[in-house]
Amino acid sequence: MFDGLIGFANSIWHFARPEVLLFALGGSLVGLIIGALPGLTATMGVALMTTLTLKLPSDQALLILICTYVGAIYGGSRSAILLNIPGTPASAASCLDGHALAKQGLAGRAMGIATSGSILGTWIGMFFLALFTPILGEMALKFGAYEFFWLAVFGVVISGNLTGTDPLKGWIAGFIGLFIAAIGQEGMYAYDRFTFGVHDLSGGIALIPALVGVFGFAEVLNVMKDKPQKFIINTYDTVIPKIRDVLQYWRTVIRSGLIGTFIGIVPGVGEDVAAWSSYAAARRASKEKEKFGKGSVEGLMAAETGDNACVPGAVIPVLTLAVPGSAPAAVLLAAMLIHGVRPGPLIMVENPTFVYDVVAMMFFASIGILIYGLVLTRLLVKILLVPRALIMPVIFVLCAVGSYAIASRPFDILVMLVFGILGLVMRSMNYPMAPLVLGIVLGDLLDKSLRRGLSLSDGDLTPFFGRPIAFVLFLLVLLTLLMNIPVARRVMGQGTALLLRPFRRA
Amino acid sequence: MQGKLAIRTAVAAFVAGTLGFVAQPAAAQQWKPTKPITIIVPWAAGGSTDQVTRVTAAELEKELGQKVVVVNQPGASGSIGTKSVLEGSKDGYTWAAGAAKDVGSYAVSGLLNTTANDWDFYLTVANQAVISVNPNTPYKSVADLLAAMKAKPGQVSFATAGVNSSGHYGSEALSRAAGATYKHVSYDGGNPAVIATVSGETEVTSQLGVEQIEMIRGKRLRPLAVLASKPLEVDGVAPIEPITKTLPGFRTEANYFGIFVPKGVPAEVIATLDKIWAEKIKNNAALKKYSAEKGALFGPEYGEAAKKASFPAIQGAAWILQEGGKAKVSPDTLGIPKP
Amino acid sequence: MDQTEAPPAAAEPAVSPRVDFWSSFVWIALGLAIAAISLGMDRMERFQASIYTAPGLVPGLLGLAIALMGAILLLRAVNAGALRPRRRRPLVLVEHWRLIFSLGLSLVYALVIVASALPFWLVTAVYVTTFVIVFQYAERRASRQVPRGIVVALVHGLLAGLVIQYAFEELFLVRLP
């Protein structure tokens, strides 16, 4: 325990030099900007900075990369709150309550909540990274095909249940998303599914263009189709994060931090699932469930704490197993290798100080968030006052460039346009778009896990229910579904809360 | 006014051209990139191609004095990213990366109409597949494993990165050489396949050494053999014995990775890269260190030598596709004879 | 969209059961089509693969699930009165000019940057300027500021084009279409 603290203090001291701190602030700012621009994601930001920092000493380069990563996940909430467009997939859950708060004239307060949530989430994740890395890294190995299958189903079911007012439509959207992920070459035999001979489709529908389409382009059209409205900014709105919000919802913060870290450790699922899971758990436990989706402080806090806690969580298996817990963590792993760090089971033996260095880097990133949260918010709130007719065409240009930037494929711009129109039509019929996007994220995992699981067990279904983690996830899915059937809901009542408790503490 | 300007420009160009030519004929071959160069990695970030390409890009940056940006464009077994380089502008600023055997066999699988002749190869390392087992399994040697595969046909599980992967190629070659069958389980990539074996979901993995080496070092995997004719020696690990010790007739070939420049780019790009490979990459410390630590073979080949070195792997991959019934075009018709 | 009777439970944007009624047909048809195509997919038997790894397995199940949920939606819509006769509201395109114009202009812009060789900043500047002028015209005319509005739009468009091009090409090292 004390080893951890001393190691952390040493690492902080090691980095405490002016030029290094400047790098940290620079990295966080680049991350924040990239995260806030629709289409440019944390993965792309970290990859870009890897290229730009090649010549720096390895510890400084990695510091910048981690600051970029943390900053990008935080930055996504800016556009989610101000424009109802998640800057990265991780912020889709923050749109629900964040933008609702902004519409009530409380954009500054919403950004303050996101700032404090992000910092606390990072700290909770850091705590586990510093003290329990060797033990928690092993947890990633507990997830096999059966657990991944249920995790994917769980993600789509909770997200469908939470967004909008109509779970059935949420689930339809989620399953359409899962189907969209099946388009293109599948991963086992490289067999083309639903491509109808179009080569571009063999690569599948990429997530980012689809995300930018259904949220970005569709939102541009959605705003422009109505007569311009003036946004109000309440006089009692404040840009300083409120300590009271944190104290009042400390249970939510800790619960979301734990869930986020845990989801981060699990390979293959990242910040988006972390945000949704925290949000779902917060709503389940909340005394003010009816406020969720209409500007709940608690909901926004949960989503933002969850996705940022996921970042240190995702780094844990990178260090101990060289297995990335999320997509940006994969690039981070590549960068560590370039800079001569060898993550793996021996890292605690060969290079123990490195783990604490990473914790210190996360800490500096959280300081970066704090500074920008305090300094930039007042400026960002002004965006709401700019007429929509000026902002929206620029957003659309960014949507087009952002979809193209990831892989330089013109096809991706086409995908963005098609999904934008699809998104507009489906939204006008009250189908939420977040489950659709999460479905695209999780579809591949669901597909391969189910097939791999069945082939490992030779068609036997018992491992899907017999293994402890798989069984818990299955129960969660079942309960979420039953809660939406009125009769079942009445019967279960209090019992549900009792059953969910072990997972929340997990 | 305009005419004057045009004349002036023409004169200036002429003078500059002649001066350049007269002053230093050799300088005409020296390529000075004026904007960042993009290397398209047609696989996801963090994988074995991505890692070695990023190391190489960092080294090339020093030589070329210009940013070398790595862009991941995954999909369709690497054919989408490769296609965009092949069909993109031939100004010499966009290159592809990957395994030579993939570029050489896309035409066979029908994924992309290209062969090794459409590219100049600049190879960096050769990777070898290693047969490793979970330490809790009873298999202590290749002989044990083969005996189990024969005793329980189709029951011993092998983790690989899918049917097109080097790992699957290894497991197929092993089972055919031994006349046994196994249960093939495919994963999203080399790393997940290795992790599945570490966690015990599968018993054996036949992925590349680079992807397993940290786990072998950490004693989370027990290596049985490297699919090569020489033992694999890596820092911090006892030498891994070659498969040919147990199966003397086993055909092995080096699986080269590198950078591929499409034919049709300006001649000075090729001349400059040839020069960098001949003079710098040949003794490059960073790539040597990468190879020694990760269990790869350093293989800085270019030009005809690169084509020759990588041909056996292309041949092997093409014919595995043909025999597995996955070929759209027979390798024979593409000038790839049966090994 | 529709101002007919509010659906019973839903509190948010009122969607008439009739819309659900028709969309449910789309889902049922799509789900069944997915399932049918999946059934016809290669089962990869020549690799001695088990039937559980067939590429069509998961999409097939997904297709059936989508069709099933579509059927539930259909029943719900019928219960909510989708089949009750209703006054038809004629579709007046002019009422939707804002949507049609922004959609059309954006599509044209996207096609032009992909397909033509014109410089990115120029196309972007033209697009943004046109967008701003058109959507601010009514407001500007009301306050008698049309020329001022055009100047603002021009400056805004040029700035957007140049800044975005600079930021992406020079700072983010991304190639533009």
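Bear in mind that the values in this text are calculations on the coordinates, not laboratory data. What you see is a predicted model; the values in this text were computed from it and never measured. Every residue, glycine as well, gets a Cβ built from its backbone with ideal geometry; the counts of neighbours run over all protein chains shown.
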Rounded to the nearest 10 degrees, the helix C:97-115 long axis (Cα) sits at an angle to the longest Cα principal axis of chain C of 90 degrees
Using alpha-carbon pairs under 8 Å, 6+ residues apart, how would you state the relative contact order of chain A in percent?
27 percent
Final fewest-first order of B:ASP274, A:ASP412, A:ASP226 on the 10 Å Cβ neighbour count is A:ASP226, B:ASP274, A:ASP412
Of every Cα-Cα pair in region A:434-482, the percentage lying beyond 16 Å is 55 percent
What's the center-to-center distance, using Cα atoms, between region A:11-35 and region B:77-111 in Å?
38 Å
Take the eigenvalues of the Cα gyration tensor for chain A, scale each by 5, and report the square roots as semi-axes in whole Å, largest first.
30, 29, 25
Can you list residues from other chains, or at least 5 along the same chain, whose modelled amide H is less than 5 Å from the amide H of B:LEU224?
B:ILE131, B:SER132, B:VAL133
Long-range HN-HN contacts of A:ARG193 with modeled amide H, under 5 Å:
A:GLY184, A:GLN185, A:GLU186
Amide H neighbours of B:TYR187 under 5 Å, at least 5 residues apart or on other chains, H built in the peptide plane: list them.
B:THR160, B:ALA161, B:GLY162
Compute the Kirkwood hydrodynamic radius of region C:17-79, taking the inverse of the mean of 1/r over all pairs of distinct Cα atoms, and give it in Å to one decimal.
12.5 Å
With the protein assembly as shown reduced to its Cα atoms and the Debye formula applied, log10 I(q)/I(0) at q = 0.09, 0.10 1/Å amounts to -1.03, -1.28
Longest exposed-site-free window of chain A, the sites being chymotrypsin sites (Phe, Trp or Tyr not before Pro) in a DSSP loop that have at most 10 other C-beta atoms within 10 Å:
A:237-506
Projected-area average for region A:103-206 over all orientations - Cα convex hull basis, square nanometres
11.0 nm²
For chain B, set up a GNM with springs between Cα atoms under 10 Å and report which of B:GLY98, B:GLY88, B:GLY162 has the largest fluctuation.
B:GLY88
Just need the relative contact order of chain B here, percent rounded to a whole number, with Cα pairs under 8 Å and 6+ apart.
23 percent
Compute the separation of the alpha-carbon centres of region A:239-298 and region C:24-78 and state it in Å as a whole number.
35 Å
Can you list, bin by bin at 10 Å, the percent of alpha carbon pairs in region C:93-171, starting at 0?
18, 41, 31, 9, 0
Calculated from backbone phi, Karplus (6.51, -1.76, 1.60) coupling profile of region B:269-281 in Hz, x at Gly/Pro
5, 4, 4, 5, 5, 4, 5, 4, 5, 5, 9, 9, 5
Hey, how many Å between the Cα centroid of region C:106-120 and the Cα centroid of region A:394-467?
27 Å
Using a simple spin-label model with points 7 Å from Cα along the Cα→Cβ vector, what separation in nm is obtained for C:VAL112 and B:ASP91?
2.2 nm
Rounded, prolate or oblate: which one fits region B:130-245, using the alpha carbon gyration tensor with axes a ≥ b ≥ c (rounded when a/c is under 1.5, else prolate when a/b beats b/c, else oblate)?
rounded
With θ taken as phi - 60° and the coefficients 6.51, -1.76 and 1.60, list the Karplus ³J(HN,Hα) couplings across region B:54-71 in order, rounded to whole Hz; mark glycine and proline as x.
5, 5, 4, 4, 4, 6, 5, 4, 5, 6, 8, x, 8, 4, 10, 9, 9, 10
Out of all DSSP beta bridges in the protein assembly as shown, what portion is antiparallel? Express it as a percent rounded to 5.
60 percent
Kindly provide the pair-distance distribution of chain C built from C-alpha pairs, with 10 Å bins from 0 and whole-percent values in order of increasing distance.
8, 18, 17, 19, 25, 10, 2, 0
Does anyone have the angle between helix C:17-39 and the longest principal axis of chain C? Alpha-carbon axes, 0 to 90°, nearest 10?
70 degrees
Angle between chain B longest axis and helix B:285-294 axis [Cα atoms, degrees, rounded to 10]:
20 degrees
Using a 7 Å offset from the Cα along the Cα-to-Cβ direction at both A:LEU478 and B:ASN283, what is the distance between the two label points in nm, to one decimal?
6.9 nm
Classified through the alpha carbon gyration tensor (a ≥ b ≥ c as square roots of its eigenvalues; rounded if a/c is under 1.5, else prolate when a/b is larger than b/c, else oblate), chain B comes out prolate
Compute, for the protein assembly as shown, the length of the dipole vector about the Cα centre, with Cβ point charges of +1 (Lys, Arg) and -1 (Asp, Glu) only. Units Debye, rounded to 20.
2160 debye
Here is the link list: B:LYS101/B:LYS263; B:LYS294/B:LYS338; B:LYS152/B:LYS338. Which ones come out longer than 22 Å on Cα distance?
B:LYS294/B:LYS338; B:LYS152/B:LYS338
Within chain A, longest stretch clear of exposed trypsin sites (Lys or Arg not before Pro) (DSSP loop, no more than 11 other Cβ within 10 Å)
A:288-504
For the residue pair A:ASP458 and B:GLN66, what label-to-label distance in nm results when each label sits 7 Å from Cα along the Cα-to-beta-carbon direction?
6.0 nm
Spatially proximal lysines relative to B:LYS289 (Cα-Cα < 16 Å; intrachain offsets below 8 disregarded)
B:LYS280
Which helices of chain A meet both criteria: a Cα extent of 18 Å or more along the helical axis and a mean Kyte-Doolittle score no lower than 1.6, with helices taken as whole DSSP H segments?
A:18-36, A:352-381, A:388-407, A:410-428, A:468-482
How large is ³J(HN,Hα), in whole Hz, for each residue of region B:77-86 in order, when computed from phi with the Karplus curve 6.51 cos²θ - 1.76 cosθ + 1.60 and θ = phi - 60°, using x for Gly and Pro?
6, x, 6, 5, x, 5, 4, 5, 6, 4
Semi-axes in Å, largest first, for region A:242-361 (Cα gyration tensor, √(5λ)) are 33, 14, 10
